[in-house]
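Student: Below is one structure. I have some questions about it.
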């Protein structure tokens, strides 16, 4: 499933990162790679607050749709 379909407060494992090489480089700079855990903190007006490796980030809905995850 896509991260954008996830439930707030849940932790997921990243299965696949979709998108261009530039998008994947952006994810990598955040510390987000396949196999990493990501927690969806909240969804607010099309923006997503996520926790990656003890750091919080805000990402837009188009980026959240490019992150495929599975429940832990």
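Values in this text are rule-based calculations from the coordinates and carry no lab data. Values in this document were obtained by computation on a predicted structure and should not be read as measured data.
Student: Quick check: residue separation of residue 18 and residue 53 times 0.36 nm, minus the Cα distance between them. What number comes out in nm?
Tutor: Fully extending the segment from residue 18 to residue 53 adds 10.6 nm.
Student: Work out how far the C-alpha atoms of the chain reach from end to end along every principal axis, then list the three figures in whole Å, largest first.
Tutor: 28, 26, 23
Student: Here's another thing I want to ask about it. If you stretched the chain out fully between residue 25 and residue 11, how much longer would it get, using 0.36 nm times the residue separation minus the C-alpha to C-alpha distance?
Tutor: Working: separation 14, 0.36 × 14 = 5.04 nm, distance 2.23 nm.
Taking residue 25 through residue 11 to full extension adds about 2.8 nm, to one decimal.
Student: Given Cα pairs under 8 Å that are at least 6 residues apart, what percent is the relative contact order of region 3-71? Could you put the intermediate results ahead of the total?
Tutor: Values: 121 pairs, mean separation 28.4, N = 69.
So the answer I get is 41 percent.
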